[in-house]
1. For GLU281, which sequence-distant residues (separation of 5 or more, or a different chain) have an amide H within less than 5 Å of its own amide H, given hydrogens modelled in the peptide plane?
2. What nm distance separates the two modelled labels at ILE153 and ASP132, each placed 7 Å from Cα along Cα→Cβ?
3. Given 0.36 nm per residue, what is the gain on full extension from ASP349 to ILE46 after removing their alpha carbon distance, in nm?
4. Would you calculate the separation in nanometres between label points at GLU184 and SER340, each defined as 7 Å from the Cα along the Cα-to-beta-carbon direction?
5. Compare the peptides 314-322, 197-205 by average per-residue count of other Cβ atoms within 10 angstrom and give them in order, highest first.
6. With just the Cα atoms defining each centre, how far is segment 164-210 from segment 267-319? Give it in Å.
7. With only alpha-carbon atoms in the gyration tensor, what are the semi-axes of the equivalent ellipsoid for segment 129-224, in Å, largest first?
8. Leaving out ligands and nucleic acids, and using a 1.4 Å probe, what accessible area per residue does the chain come to in Å²?
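The values are calculated or read from the model by the stated rules, or taken from the named source; none is laboratory data. All values derive from a computational prediction rather than experimental measurement. Virtual Cβ from ideal backbone geometry, glycine too; neighbours counted across all protein chains shown. Note: areas computed on protein heavy atoms with side chains; ligands, DNA, RNA excluded. Shrake-Rupley method; radii C 1.70, N 1.55, O 1.52, S 1.80 Å.
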Amino acid sequence: MKILILGSGGREYSIGLAIYNENAGHEIFFQPGNGATDKLGTNINIKDYNELATWAKDNEIELTIVGPEAPLVDGVVDIFKANGLTIFGPSAQAAQLEGSKVYMKNFLAKYNIPTARYIESDSIEELYKFTDTLSTPIVVKADGLCGGKGVIIAQSHDEAKKTIGEMLSGKAFGDAGKKVIVEEFLDGYELSMFAICDGDDYILLQAAQDHKRIGDGDTGPNTGGMGAYAPTPLVDDELYQKVKDRIIRPTLDGMKTEGAPFEGVLFIGVMVVNGEPITLEFNVRFGDPECEILMPLMNSSVSDMFYKAATNRLGEIEVEFSKQYAVGIVMASENYPYGSSKPAEIILDEVHHEEIEKYTHISFAGVSKEDDGKLYATGGRVLLCIGLGDTIKQARDRAYLRCGQVHFAGKKFRTDIAYQAL
């Protein structure tokens, strides 16, 4: 097939790599891609979605896969479908499950899907009043897209109220914070679950755990994610079934009732409290770095799964998962997540060790290629080292061995990824 992947990060690189590794003669294009995706296919740079749809038709693209949330919320799927193109991802209306946290929370309440107690409002008095009814810590969320940074966990009532004021004033997140959610803090353990959906059917992938904070031992500020592992031993068949019955099925049925059937990746942030799954949030695309570890655990064809989902035919396929574990470690640039860093040349040691060669790989994210052909670290999260193994420890040890083969000025990474499982 001719396949177009929208996005430029490690998530899109990993989807491209999984399709490339199928060795099925696919021709892969990235829009815009990054400095390393040209090893897997062809980078193109057409920012306007209507122009891009015309390009896709002219070049006989048979499947488009959308990586990040912004194009989905902006309606790229609607534009491509109007042009008769096959595209994997939700419509703009369905993408409101991520585009508006208010829409999502009200949807959960309407369809009796378990979630934390909350209020949504643009009235500072109402929000303050509800805040006073909660015990600390308190969760404060901006309504719109904030690049994964619009959720603040306040440790005191005063901090919660200060955060609410900064969001409503536009100081914290601009227009994305003009409406605010305040909700109770749930005490449990968090999971990332991903359902591939075609509007009616779904396939639930293996549960993963992400590490959000910048420092070892979950210290420092939140990031887009510093590493992940899957499958997590914290999930058993009973918990998977509860998520299917209580969250995924009513969501798909509810979205049909709303006139916005959900097609694409439903990313469920789950908090498990006393063995019961509670919905923290929905996203409408793969998590990053979770995507980077889930793709290599797929034994069956990734491109076929996405194509069948995009054509409402998921019921026709059986998906096979590897029996292995995957651990991914993010290598970030010097000033991440506080600010941008100077570009730094990436030097990759030649791999001579058979075990590292066979069971690890790199997914590139914030990298650019200069005219001299050298790769430079230019983004906050630069790349991931991924290890596979028969146990989580083996996968983790291999991933860290691969980290030792990567060098660039100011590189930083956590040394305790997957500690929850070990």
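1. Under 5 Å from the amide H of GLU281: GLY269.
2. Once both label points are built, they end up 2.7 nm from each other.
3. Working: separation 303, 0.36 × 303 = 109.08 nm, distance 3.43 nm.
Contour length minus Cα-Cα distance gives 105.7 nm.
4. Result for the modelled spin labels: 4.4 nm.
5. 197-205, 314-322
6. Distance between centres, Cα-based: 16 Å.
7. Details: eigenvalues 144, 64, 42 Å².
Its equivalent ellipsoid spans semi-axes of 27, 18, 15 Å.
8. Values: 17330 Å² over 422 residues.
Here the per-residue accessible area is 41 Å².
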